[in-house]
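Novice: Below: one structure in structure tokens.
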């Protein structure tokens, strides 16, 4: 501490706070007198009533866990703070260091929200760096901008700039006059939609408590991000590990609902202010003081892998999340009061950020052929918002990756059912079309960057970058989801990391960076607008010859075997894929990639052909139609099954070609209708939204090995 700081801290508290308030352009006033003639008569030369000023300035109290600003737009922002007891929380803000233009807002807090409060600032200037100060008082105190600081302020406290600012603190920067009980920070407002300026942000998540050998604070990555001074930080899920043991406790399936809320709240508090015996800091407060935040929740804000509609602890975890983050995503609710956690945020001409919620509305994590991850209302909103956006780059903030296997969008082989919604979203990107889509994700505790061409037309539909963790153990990187036809640019695991996005002023390029927790660059890739082309042309033929790789095919219903074995020779001709199983039971299947799926109604009347062979052709068995017969087509709950009949109904030890007519004139079994055989209407309905295409691989009881080549879907 400098000598001047020491002198300042030694000043009488009332004089110090009075000088601070005058310097930032505020005067204490009585709520009962504001705007009245009595108030005007009671004020002294500085605009303050002596008695009221003395009472208000003496009841200032401590904020307990720093401050944060979030959900920033071009004209609004939400300030968050927490008091130690029931209080009035005050916010003074200004677009300049001298506070010649000062705005002021306040709110009251009590135990109902654990003494946390949200204050919305409105009427802000776009693309502007703001400085703000926050403090709390025991009384329902009020302040107002001084009338002699350049004219009467408007509703947001802006003074008439035609008159010079003045006041007792004009020669002393406000920074030198801030009392200990006042918390301060900065943030940048978003550029307006027509402003052509660059945008830079960082993202990561996963902090404190996860795993058998948890990472303890402080978390260097949080400080490193703060030092980079991004336009905003995307805190991308698992901001706490409620279900891991930390000093704040641990949530389990046996935690009583009426006790859970206090544990959730304690988790958020310790992430901002850890116990002294653990660490001096986590570095989260320091980051939140330097920039704004968009906060996303994932499963550990409640309990591992939860599905909102059936999780009894979800309402309590959701309430604590609302209380402890500066959220403002519902036009019909005050900040922090709505359970809607998805929204979009525009950052100038070139960037729109789409924040989604993959937990609150999802169907349970049980085996279903088709289920929702986002809920139909959120999915409809997302599709419309993406299609309507005229931003150069659309940034989709998904807690879990679209193109890397997890418990969410996609799993390697045995479908969770969420893949149907992923297919619907990908098809929408292709047909709307949605240009320049970049997904930023977390959750899987490794850093991965890749691009995806689901329809195999040689053009990428979207790019995805995954980053994290910041404060949790990290595992090795695995393969991207093959059904989306990925191209991997970078993959690294087993280290703490974060990602960055930098969009150029012109909007022509977007650069993805991956850094370790100390800021050492691990990877960087610049993407041009011409690198992503979602448009798709109608096709008459889709085929997999397996001459270079497995073409995104997967294995389903074969225990732990999710990926086929690729063989570069011995096919009919060239390469082919295979798999084997030695447990018997349910037949396993080859599962087609996204290239074959989507709207395929135009293929009605065409055919599916493929070549199959077995290692051994004895001990053959018929697959139950309920398992999928020999070929399965599915859309939602609708399932159509085709069975080969006659002496050549099973593949031999040499390559056998099979032809499957895609018409109701053939014998297709409808497993989900009162009619045992599929009608033309039913067949077209399934093809119009085809979610599953499977070809039987197992024909032999017991040990088996099967081989597949030359799959063709044609009109």
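The values are calculated or read from the model by the stated rules, or taken from the named source; none is laboratory data. From a predicted model like this one, the values you see are computed outputs, not experimental measurements. For neighbour counting, all protein chains shown are included, and Cβ atoms are generated from backbone atoms with ideal geometry for every residue, glycine included.
Novice: Go through (1) closer than 20 Å to residue 289 by Cβ; (2) surrounded by 21 or more Cβ atoms within 10 Å (Cβ to Cβ) one by one and return the number of the condition residue 84 breaks.
Specialist: (2)
Novice: Tell me, yes or no, whether the stretch 590-601 has at least one residue that is assigned by TED's automatic domain parsing to the domain that holds residue 648, touching a residue at least 24 places away in the same chain (Cβ under 8 Å), surrounded by fewer than 20 Cβ atoms within 10 Å (Cβ to Cβ) and under 30 Å from residue 650 (Cβ atoms).
Specialist: So the first thing to find is which residues in the stretch 590-601 are assigned by TED's automatic domain parsing to the domain that holds residue 648, and the list is 590-601.
Keeping just the survivors that are touching a residue at least 24 places away in the same chain (Cβ under 8 Å) gives 590-601.
Add one more test, that the residue is surrounded by fewer than 20 Cβ atoms within 10 Å (Cβ to Cβ), and what stays is 599, 601.
Retained after the next criterion (residues that are under 30 Å from residue 650 (Cβ atoms)): none.
No; the residues of the stretch 590-601 include none that is assigned by TED's automatic domain parsing to the domain that holds residue 648, touching a residue at least 24 places away in the same chain (Cβ under 8 Å), surrounded by fewer than 20 Cβ atoms within 10 Å (Cβ to Cβ) and under 30 Å from residue 650 (Cβ atoms).
Novice: Among the residues of the stretch 476-512, how many are crowded, with 21+ Cβ neighbours inside 10 Å and either in contact with a helix residue (DSSP H, G or I) (Cβ under 8 Å, 6 or more places away or on another chain) or farther than 30 Å from residue 577 by Cβ (or both)?
Specialist: Within the stretch 476-512, the first condition is being crowded, with 21+ Cβ neighbours inside 10 Å, and the residues that meet it are 480-486, 496-501, 503, 510, 512.
Add one more test, that the residue is either in contact with a helix residue (DSSP H, G or I) (Cβ under 8 Å, 6 or more places away or on another chain) or farther than 30 Å from residue 577 by Cβ (or both), and what stays is 483-485, 496-501, 503, 510, 512.
Total satisfying the criteria: 12.
Novice: With the requirement that a residue be over 17 Å from residue 698 (Cα atoms) and buried (at least 22 other Cβ atoms within 10 Å of the Cβ), what does the stretch 604-622 give you? Steps first, answer last, please.
Specialist: The initial filter retains those residues of the stretch 604-622 that are over 17 Å from residue 698 (Cα atoms), namely 604-609.
Passing the criteria: only 608.
Novice: Among (1) in contact with a helix residue (DSSP H, G or I) (Cβ under 6 Å, 6 or more places away or on another chain); (2) crowded, with 17+ Cβ neighbours inside 10 Å; (3) within 28 Å of residue 563 (Cβ to Cβ), which single condition is residue 302 missing?
Specialist: (3)
Novice: Would you confirm, using the coordinates I've provided, whether residue 230 is modelled with pLDDT of 95 or more, assigned by TED's automatic domain parsing to the domain that holds residue 497 and more than 30 Å from residue 390 (Cβ to Cβ)?
Specialist: Values: modelled with pLDDT of 95 or more: yes; assigned by TED's automatic domain parsing to the domain that holds residue 497: yes; more than 30 Å from residue 390 (Cβ to Cβ): no.
No; evaluated as a whole, the condition is false for this residue.
Novice: Having 1 or more residues that are under 33 Å from the mean Cα position of the chain (by Cα) is the bar; report the strands (runs of 3 or more DSSP E) wholly within the stretch 85-149 that clear it. Working first, answer last.
Specialist: Working: elements: 87-94, 103-109, 116-121, 129-137, 142-145.
Here the list reads 87-94, 103-109, 116-121, 129-137.
To keep it simple, each residue is scored yes or no on (1) touching a helix residue (DSSP H, G or I) at 6+ places or on another chain (Cβ under 7 Å); (2) at negative phi; (3) in the same structural domain as residue 63 (by TED's automatic domain parsing); (4) modelled with pLDDT of 95 or more.
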position: 234; (1), (2), (3), (4): no, yes, no, yes
position: 238; (1), (2), (3), (4): yes, no, no, yes
position: 246; (1), (2), (3), (4): yes, yes, no, yes
position: 253; (1), (2), (3), (4): no, yes, no, yes
position: 260; (1), (2), (3), (4): yes, yes, no, yes
position: 264; (1), (2), (3), (4): yes, yes, no, yes
position: 270; (1), (2), (3), (4): no, yes, no, yes
position: 274; (1), (2), (3), (4): no, yes, no, yes
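Novice: For the subset of the stretch 363-388 comprising residues that are buried (at least 21 other Cβ atoms within 10 Å of the Cβ) and at pLDDT 95 or above, which member is nearest to the chain's Cα centre (by Cα)?
Specialist: The first filter runs over the stretch 363-388 and keeps only residues buried (at least 21 other Cβ atoms within 10 Å of the Cβ), leaving 370, 373-374, 386.
Remaining after also requiring at pLDDT 95 or above: 374, 386.
Numbers: 374: 12, 386: 15 Å.
So, considering only residues that are buried (at least 21 other Cβ atoms within 10 Å of the Cβ) and at pLDDT 95 or above, the one nearest to the chain's Cα centre (by Cα) is 374.
Novice: Please determine, by comparing only the residues of the stretch 646-677 that are touching a helix residue (DSSP H, G or I) at 6+ places or on another chain (Cβ under 8 Å) and surrounded by 13 or more Cβ atoms within 10 Å (Cβ to Cβ), which one is nearest to residue 454 (Cα to Cα).
Specialist: Kept after step one, since they are touching a helix residue (DSSP H, G or I) at 6+ places or on another chain (Cβ under 8 Å), are these residues of the stretch 646-677: 662-664, 668-671, 673, 675.
So of that shortlist, the ones also surrounded by 13 or more Cβ atoms within 10 Å (Cβ to Cβ) come out as 662-664, 668-671, 673.
Details: 662: 23, 663: 26, 664: 28, 668: 28, 669: 29, 670: 28, 671: 29, 673: 31 Å.
In this case the residue turns out to be 662.
Novice: Please work out if residue 587 is over 26 Å from residue 538 (Cβ atoms) and crowded, with 19+ Cβ neighbours inside 10 Å. Before you say what the answer is, go through the steps one by one.
Specialist: On the way: over 26 Å from residue 538 (Cβ atoms): yes; crowded, with 19+ Cβ neighbours inside 10 Å: yes.
So residue 587 passes the test.
So that you can scan it fast, the table gives a plain yes or no per residue for (1) over 19 Å from residue 630 (Cα atoms); (2) touching a strand residue (DSSP E or B) at 6+ places or on another chain (Cβ under 7 Å); (3) surrounded by 21 or more Cβ atoms within 10 Å (Cβ to Cβ); (4) at pLDDT below 95:
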site	(1), (2), (3), (4)
538	yes, no, no, yes
555	no, yes, yes, yes
574	yes, no, no, no
579	no, yes, yes, yes
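Novice: Tell me, which residue of the stretch 168-191 that is within 20 Å of residue 81 (Cα to Cα) and surrounded by fewer than 20 Cβ atoms within 10 Å (Cβ to Cβ) is modelled with the lowest pLDDT?
Specialist: Per the criteria, the residue is 175.
Novice: Could you pull out the residue among 339, 305 that is closer than 22 Å to residue 400 by Cα, in contact (Cβ under 8 Å) with a residue 60 or more places away in the chain and part of a loop (DSSP other than H, G, I, E, B)?
Specialist: Values: 339 fails: in contact (Cβ under 8 Å) with a residue 60 or more places away in the chain.
Of 339, 305, the one residue that is closer than 22 Å to residue 400 by Cα, in contact (Cβ under 8 Å) with a residue 60 or more places away in the chain and part of a loop (DSSP other than H, G, I, E, B) is 305.
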